[in-house]
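Contents: one structure, followed by commentary.
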Amino acid sequence: MYIVQIASECAPVIKAGGLGDVVYGLSRQLELQGNCVEIILPKYDCMRYDHIWGLHDAYRDLWVPWYGGTIHCSVYCGWVHGRLCFFIEPHSGDNFFNRGCYYGCNDDNMRFAFFSKAAMEFLLQSNKRPDIIHCHDWQTGLLPVMLYEMYQYHGMGNQRICYTIHNFKHQGIGGVDVLWGTGLHNESYYFQYNKLQDNFNPFALNFMKGGITYSNAVTTVSPNHAWEAHYTDVGCGLGHTIHLHQQKFKGVLNGIDYEFWNPESDRYIPYHYSKTDFDQKLYNKKALREKLLLGESEKPIIAYIGRLDNQKGVHLVHHAMYYALSRGAQFILLGSATEAGINSHFWHEKHHLNNNPDVHLEIGFNEELSHLIYAGADMMVVPSNYEPCGLTQMISLNYGTVPIVRGVGGLVNTVFDRDYNEEKPPEERNGYVFYQTDFNALESAMDRAIGLWYVYPKEFRKLALQGMQYDYSWNNPAKEYMEIYENIRHK
């Protein structure tokens, strides 16, 4: 099958979050299953050009209709760790992608409306006719609209679209200027509730709503998050739209790259280990303590890796740190804050705890250190307010690090409580789950985990090994997507 992925990110060349990892990981697995996969991306000035091999002109004169005229673009082609990627560069005074950033500009909606238009023009003019166009998040929400309202009448009537939503919080809100720019001129037609009109602002167009309405299939990144988006406020106002299109909507759990996240071959950890020689993990724990100047002692290490913001349950992260210390555990934090107030708060904590041999706060992000923490920690706390899928808990399981998670989103689909899960037999349980957002709920789960480590160490080891049995690679998600593609291809 010929599949084209269209997105604003692809790791590691363009990565701001999990979206980039998904685009790369899914594309790679789809290729391994025998498909032809290409990826179309914006050519940002600030992307990691050192991760592109053989960048060259692929289509020099792409003229993209925009408002009443056209914008001249160049399309470059190169390989990103084996994936064939096309990068669209507009030559325009708007400097759409020469901003020194991927997101965060006042005109983001216009930047990505143009990118969607340019991607469709590139497919049209270069005579590429994929079986499936798989586009991602609000940035490409207008692309299905343009295909079914315009491009299907220009020789692209057989293309089918799968649209994946990674984060409902950002939906892409635009005005009538977006319609005039892209050539979707009929204002009264698109400003309808069953088309693009935002569900709560009658004067705004919602890119993500357009993607849901016009796509052949819509997915989000875990089955439980799909339920949450449909029935709770996690859908951020799109619950009714999902309800209207529920027959084509489902959750497909993300995967992780087991070549990159593998304790048997990880180049960032000093001692490799597996289920059969699990004792080697202890040497990584010792190396982690030495690197971060933690006290050498008979204590468990509890870690947190991730952003420090409200989505990630930052108030619980802070509480977990002090509760771990009070229960005779060591605590390591690796994360960067997105808000100045949260950032200064954790810097204050870092200075306050600087001489404590049982805690280390690393404010910022360090890829190399994250691998060593996964390998050296005993437990990983993931207390998110909401979590569409979550990678931290899946990586932790593969490294034999027991996750302690809040029961939301993809965390529910991947972590099964040792004591209270009724769906899995005891030998298939792999961590600890709590549900409320208060301190007592977190403490209860941490208390059970720390207690097991201290009182029943063999049982704790068994739990860690049970976590390592799980396969959260891209293998199963890619098979699910292939079923979705086959289903919509013949409609």
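The values are calculated or read from the model by the stated rules, or taken from the named source; none is laboratory data. Everything numeric here is computed off the predicted structure, so don't read it as measured data. Virtual Cβ from ideal backbone geometry, glycine too; neighbours counted across all protein chains shown.
Is it true that Gly181 is modelled with pLDDT of 95 or more, among the small types (Gly, Ala, Ser), not assigned by TED's automatic domain parsing to the domain that holds Gly410 and not in a helix (DSSP H, G or I)? Spelling it out, it is not the case that Gly181 is modelled with pLDDT of 95 or more, among the small types (Gly, Ala, Ser), not assigned by TED's automatic domain parsing to the domain that holds Gly410 and not in a helix (DSSP H, G or I). The set of residues in the range 465-491 that are polar (S, T, N, Q) and surrounded by fewer than 18 Cβ atoms within 10 Å (Cβ to Cβ) comprises Gln469, Asn475, Asn476, Asn487.
So in the range 145-168, with the set limited to residues that are touching a helix residue (DSSP H, G or I) at 6+ places or on another chain (Cβ under 7 Å) and among the aromatic types (Phe, Trp, Tyr), which one is surrounded by the most Cβ atoms within 10 Å (Cβ to Cβ)? So, considering only residues that are touching a helix residue (DSSP H, G or I) at 6+ places or on another chain (Cβ under 7 Å) and among the aromatic types (Phe, Trp, Tyr), the one surrounded by the most Cβ atoms within 10 Å (Cβ to Cβ) is Tyr163.
Please determine whether any residue of the range 133-143 is surrounded by fewer than 24 Cβ atoms within 10 Å (Cβ to Cβ) and of a type in the set (Asp, Glu). Lay out the reasoning, then the answer.
The initial filter retains those residues of the range 133-143 that are surrounded by fewer than 24 Cβ atoms within 10 Å (Cβ to Cβ), namely none.
No: zero hits.
Using the structure shown, decide if Arg60 is out of contact with any strand residue (DSSP E or B) (no Cβ under 6 Å at 6 or more places or on another chain), surrounded by fewer than 22 Cβ atoms within 10 Å (Cβ to Cβ) and either at pLDDT below 95 or within 27 Å of Asn167 (Cβ to Cβ) (or both). So Arg60 does not fit the description; no.
May I ask you to verify whether Asn354 is surrounded by fewer than 17 Cβ atoms within 10 Å (Cβ to Cβ), over 17 Å from the mean Cα position of the chain (by Cα) and not basic (Lys, Arg)?
Values: surrounded by fewer than 17 Cβ atoms within 10 Å (Cβ to Cβ): yes; over 17 Å from the mean Cα position of the chain (by Cα): yes; not basic (Lys, Arg): yes.
Judged against the criteria, Asn354 is a match.
Checked against the criteria, Phe122 does not count as aromatic (Phe, Trp, Tyr), part of a loop (DSSP other than H, G, I, E, B) and surrounded by fewer than 24 Cβ atoms within 10 Å (Cβ to Cβ).
Just so you know, in the range 416-447 the residues that are touching a residue at least 24 places away in the same chain (Cβ under 8 Å) and in a loop (DSSP other than H, G, I, E, B) include one that is farthest from Ser274 (Cα to Cα), and it is Thr437. Selection of the range 124-144 for residues being of a type in the set (A, V, I, L, M) and in contact with a strand residue (DSSP E or B) (Cβ under 7 Å, 6 or more places away or on another chain) yields Ile132, Ile133, Leu143. For Tyr273, the conditions (1) touching a Leu at 6+ places or on another chain (Cβ under 7 Å); (2) surrounded by 18 or more Cβ atoms within 10 Å (Cβ to Cβ); (3) among the hydroxyl-bearing types (Ser, Thr, Tyr) all hold with the exception of (1).
Over 23 Å from Tyr472 (Cα atoms), aliphatic (A, V, I, L, M) and touching a residue at least 40 places away in the same chain (Cβ under 8 Å) - does that describe any residue in the range 67-79? Full working, then the answer.
First, pick out the residues of the range 67-79 that are over 23 Å from Tyr472 (Cα atoms): 67-79.
From what is left, the residues that are aliphatic (A, V, I, L, M) are 71, 75.
If we keep only those that are touching a residue at least 40 places away in the same chain (Cβ under 8 Å) too, we end up with 71, 75.
Yes, the range 67-79 has at least one match.
When the range 296-312 is filtered for residues that are touching a Leu at 6+ places or on another chain (Cβ under 9 Å) and more than 15 Å from Pro403 (Cα to Cα), only Leu308 remains.
Here is a yes/no grid of residues against (1) of a type outside the set (Ser, Thr, Tyr); (2) within 22 Å of the chain's Cα centre (by Cα); (3) at pLDDT 95 or above; (4) within 17 Å of Leu253 (Cα to Cα):
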position: Val405; (1), (2), (3), (4): yes, yes, yes, yes
position: Phe416; (1), (2), (3), (4): yes, yes, yes, yes
position: Glu422; (1), (2), (3), (4): yes, no, no, no
position: Arg429; (1), (2), (3), (4): yes, no, yes, no
position: Glu443; (1), (2), (3), (4): yes, no, yes, no
position: Ala449; (1), (2), (3), (4): yes, no, yes, no
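His225 meets each of the listed conditions (1) touching a helix residue (DSSP H, G or I) at 6+ places or on another chain (Cβ under 7 Å); (2) within 24 Å of Val176 (Cα to Cα) apart from (2). When the range 94-107 is filtered for residues that are crowded, with 21+ Cβ neighbours inside 10 Å and touching a helix residue (DSSP H, G or I) at 6+ places or on another chain (Cβ under 8 Å), the ones remaining, listed by number, are Phe96, Phe97. For the range 1-29, filtering for residues that are in a strand (DSSP E or B) and either under 10 Å from the mean Cα position of the chain (by Cα) or surrounded by fewer than 22 Cβ atoms within 10 Å (Cβ to Cβ) (or both) leaves 1.
Per-residue answers, yes or no, for (1) at pLDDT 95 or above; (2) aliphatic (A, V, I, L, M):
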residue: Gly328; (1), (2): yes, no
residue: Lys350; (1), (2): yes, no
residue: Glu368; (1), (2): no, no
residue: Val402; (1), (2): yes, yes
residue: Val412; (1), (2): yes, yes
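Tell me which residues, restricted to the range 396-428, are of a type in the set (S, T, N, Q) and under 18 Å from Trp474 (Cα atoms). Outline the logic, then answer.
Looking only at the range 396-428, we keep the residues that are of a type in the set (S, T, N, Q), and these are 396, 398, 401, 413-414, 421.
Once the filter is applied, which keeps residues that are of a type in the set (S, T, N, Q) and under 18 Å from Trp474 (Cα atoms), the range 396-428 yields Ser396, Asn398, Asn413, Thr414.
For Pro357, indicate whether it is in contact (Cβ under 8 Å) with a residue 60 or more places away in the chain and closer than 22 Å to Asp417 by Cα. Taking the combined requirement at face value, the residue does not satisfy it.
The number of residues in the range 287-307 that are closer than 22 Å to Phe460 by Cβ and surrounded by fewer than 14 Cβ atoms within 10 Å (Cβ to Cβ) comes to 4.
The residue of the range 363-403 that is nearest to the chain's Cα centre (by Cα), among those that are on the phi > 0 side of the Ramachandran plot and buried (at least 21 other Cβ atoms within 10 Å of the Cβ), is Gly390.
For first residues located in the range 211-227 and surrounded by fewer than 24 Cβ atoms within 10 Å (Cβ to Cβ) and of a type outside the set (Asp, Glu), partners that are modelled with pLDDT under 95 and not in a helix (DSSP H, G or I) and lie 6+ apart or on another chain with Cβ distances below 7 Å form the pairs Asn216/Lys491.
Tally up the residues in the range 248-273 that are among the small types (Gly, Ala, Ser) and in contact with a helix residue (DSSP H, G or I) (Cβ under 8 Å, 6 or more places away or on another chain), please. Can you show your working first?
From the range 248-273, those among the small types (Gly, Ala, Ser) are 251, 255, 265; that's our starting set.
Imposing the further condition that a residue be in contact with a helix residue (DSSP H, G or I) (Cβ under 8 Å, 6 or more places away or on another chain) reduces the set to 251, 255.
Residues meeting the conditions: 2.
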